[in-house]
Amino acid sequence: MSRLKLRKKSAVLLLASVMSLSLFGCGSTTNSDSAKPAQDSGSPSVSGNASAAGGKLVLYSAGPQKLADNIVSGFEAKTGVKVEMFQGTTGKILARMEAEKSNPVADVVILASLPSAQALKADGLTLPYPEAANADKLNKDWSDAEGNYFSTSASALGIVYNTNLVSAPPQSWADLGLPEWKDAVNIPDPTLSGSALDFITGYLSVKGDAGWELFESYKANGTAMAGANQEALDPVITGAKSLVAAGVDYMAYSAKAKGEPLDIVYPEEGTVVSPRPAAILKSSPNVDNAKAFIDYLLSDEAQKLVADAYLIPGREDVEAEGRTNLKDIPVFEVDWAWMNDHGDETAARFSDVFK
């Protein structure tokens, strides 16, 4: 069985609900049948700084909605290319791709999980673009040297807490298993959240099988597996829960900037940074426009949009304000290859633990 199929097994459980999603974002109302791209009309390749190309691009994006909308708007204004976007979690995107494998629709995918992009490459589903503009400025640990995927942003996983309920937040992952946090913690479902799966597999790649003791202690202490990232965070914002384990940091910073009573701790022993890779699919009917979109994602303009959304920019020469940057976050030295190979079995076992 291919690596991508292994990564998709849990995602395919979502297929029935995904197939009911018929609208693309970005202001265009397009069902999944009419969204199938026409063959590329031969429009010229366009970088983020070049003249308009025209035509269309179909994008599947797991990025935060506002950032995705801003990037699409910027790209359309600069190039004249019309973007049709499906916005969803990594799991929903992979399930949608599985459903469409006999008649592929997307030109570019942006995922919230590096192992998922590695699986796409391993299955020969990506189109290399090594000459992408500014690719040499990306964090080399997060992107493919052959240009099969480009991590244009990243998030770090931490302990997100409600500041009205928590005055002395936990400083380590193990603290969340203590009696004082009984029934007070949510954790995202790794079958729905690519970043949660990255955290769990990343932690296990460092700690080995003994790392399961942490998650078993969470379950014994009443930690709830609560949907994807936003579903896990919302009860903490309202005060129904006190903390999120493996919370996505940009969501916490964004909510805090809006006045919500949230803050975040990066445990002192280390955490996992979850890159958000973009890739051109080999089946893309609009290759020139797909390359132009990658160029735009790596441009100064788009990387500023990333920073303004409280994500860690993919380019090492760009920093974000109003959040902790990569250089100040304690990071585990995870084994991405192990994470890719063991993601599906890990998600299944985690789900069994939290039944």
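Among the numbered criteria (1) under 15 Å from Asn134 (Cβ atoms); (2) in a strand (DSSP E or B), which single criterion is violated by Ile280? Exception for Ile280: condition (1).
None of Thr238, Thr223 is closer than 23 Å to Thr90 by Cβ, of a type in the set (Ser, Thr, Tyr), more than 18 Å from the chain's Cα centre (by Cα) and at pLDDT 95 or above except Thr223.
The set of residues in the stretch 81-99 being of a type in the set (A, V, I, L, M, F, W, C) and open to solvent by 10 Å² or more (accessible area, probe 1.4 Å) consists of Met97, Ala99. Has the stretch 192-215 got at least one residue that is assigned by the TED database to the domain that holds Asn134, more than 22 Å from Tyr250 (Cα to Cα), touching a residue at least 40 places away in the same chain (Cβ under 8 Å) and open to solvent by less than 40 Å² (accessible area, probe 1.4 Å)? Taking every residue of the stretch 192-215 in turn, none turns out to be assigned by the TED database to the domain that holds Asn134, more than 22 Å from Tyr250 (Cα to Cα), touching a residue at least 40 places away in the same chain (Cβ under 8 Å) and open to solvent by less than 40 Å² (accessible area, probe 1.4 Å). The set of residues in the stretch 303-334 being under 18 Å from the mean Cα position of the chain (by Cα), over 19 Å from Ala135 (Cα atoms) and open to solvent by 30 Å² or more (accessible area, probe 1.4 Å) consists of Asp308, Tyr310, Val331, Val334. For the stretch 231-245, residues that are without any contact (Cβ under 8 Å) to a residue 40 or more places away in the chain and either open to solvent by less than 30 Å² (accessible area, probe 1.4 Å) or in contact with an Asp or Glu (Cβ under 7 Å, 6 or more places away or on another chain) (or both) total 0. Listed by position, the helices (runs of 4 or more DSSP H) enclosed by the stretch 178-260 that each have at least 1 residues that are touching a helix residue (DSSP H, G or I) at 6+ places or on another chain (Cβ under 7 Å) and more than 22 Å from Pro115 (Cα to Cα) are 212-220, 229-238, 249-257.
Pro285 - would you say it is open to solvent by 10 Å² or more (accessible area, probe 1.4 Å) and farther than 30 Å from Ser73 by Cβ? For Pro285, the condition - open to solvent by 10 Å² or more (accessible area, probe 1.4 Å) and farther than 30 Å from Ser73 by Cβ - is not met.
Do we have Ser151 as closer than 28 Å to Ala255 by Cβ, in contact with a helix residue (DSSP H, G or I) (Cβ under 8 Å, 6 or more places away or on another chain), surrounded by 17 or more Cβ atoms within 10 Å (Cβ to Cβ) and modelled with pLDDT under 95 here? Answer is no for this residue.
Go through the residues of the stretch 165-173 one by one and say whether even a single one is in the same structural domain as Leu262 (by the TED database), among the hydrophobic types (A, V, I, L, M, F, W, C) and outside any loop (DSSP other than H, G, I, E, B). Scanning the stretch 165-173, I find at least one residue that is in the same structural domain as Leu262 (by the TED database), among the hydrophobic types (A, V, I, L, M, F, W, C) and outside any loop (DSSP other than H, G, I, E, B), so the answer is yes.
Is it the case that some residue within the stretch 101-109 is free of Cβ contacts under 8 Å to residues at least 24 places away in the same chain and assigned by the TED database to the domain that holds Ala292?
Restricting attention to the stretch 101-109, the residues satisfying the condition of being free of Cβ contacts under 8 Å to residues at least 24 places away in the same chain are 101-102.
With assigned by the TED database to the domain that holds Ala292 added as a condition, the list becomes 101-102.
There is at least one residue in the stretch 101-109 that is free of Cβ contacts under 8 Å to residues at least 24 places away in the same chain and assigned by the TED database to the domain that holds Ala292.
Checking each residue in the stretch 100-137 for being part of a helix (DSSP H, G or I) and open to solvent by less than 10 Å² (accessible area, probe 1.4 Å) picks out Leu114, Pro115, Ser116, Ala117, Ala119, Leu120. Scanning the stretch 256-266 finds one or more residues that are assigned by the TED database to the domain that holds Asp175 and under 19 Å from the mean Cα position of the chain (by Cα).
Looking at this structure, is Tyr310 on the phi > 0 side of the Ramachandran plot and at pLDDT 95 or above? So Tyr310 passes the test.
Would you check which residues across the stretch 307-343 are basic (Lys, Arg) and without any contact (Cβ under 8 Å) to a residue 40 or more places away in the chain and list them? Step through it out loud before you land on a result.
Narrowing the stretch 307-343 to residues basic (Lys, Arg): 315, 323, 327.
Lys327, the sole residue that qualifies.
Give the number of residues within the stretch 293-302 that are closer than 13 Å to Tyr129 by Cβ and touching a Phe, Trp or Tyr at 6+ places or on another chain (Cβ under 8 Å).
At the first step, the residues of the stretch 293-302 found to be closer than 13 Å to Tyr129 by Cβ are 293-298.
Next cut, touching a Phe, Trp or Tyr at 6+ places or on another chain (Cβ under 8 Å) only: 293-294, 296-298.
Count: 5.
Hey, among Gly270, Gly343, which residue is in contact with a helix residue (DSSP H, G or I) (Cβ under 8 Å, 6 or more places away or on another chain), open to solvent by less than 20 Å² (accessible area, probe 1.4 Å) and at positive phi? Reasoning before the result, please.
Working: Gly343 fails: at positive phi.
The conditions single out Gly270.
Within the stretch 309-351, the set of residues being over 23 Å from Tyr218 (Cα atoms), part of a helix (DSSP H, G or I) and among the polar types (S, T, N, Q) comprises Asn340 only.
The values are calculated or read from the model by the stated rules, or taken from the named source; none is laboratory data. Since we're looking at a predicted model, the values are computed, not measured. Because the Cβ atoms are built from the backbone with ideal geometry, glycine has one as well, and the counts that use them run over all protein chains shown. Note: areas computed on protein heavy atoms with side chains; ligands, DNA, RNA excluded. Shrake-Rupley method; radii C 1.70, N 1.55, O 1.52, S 1.80 Å.
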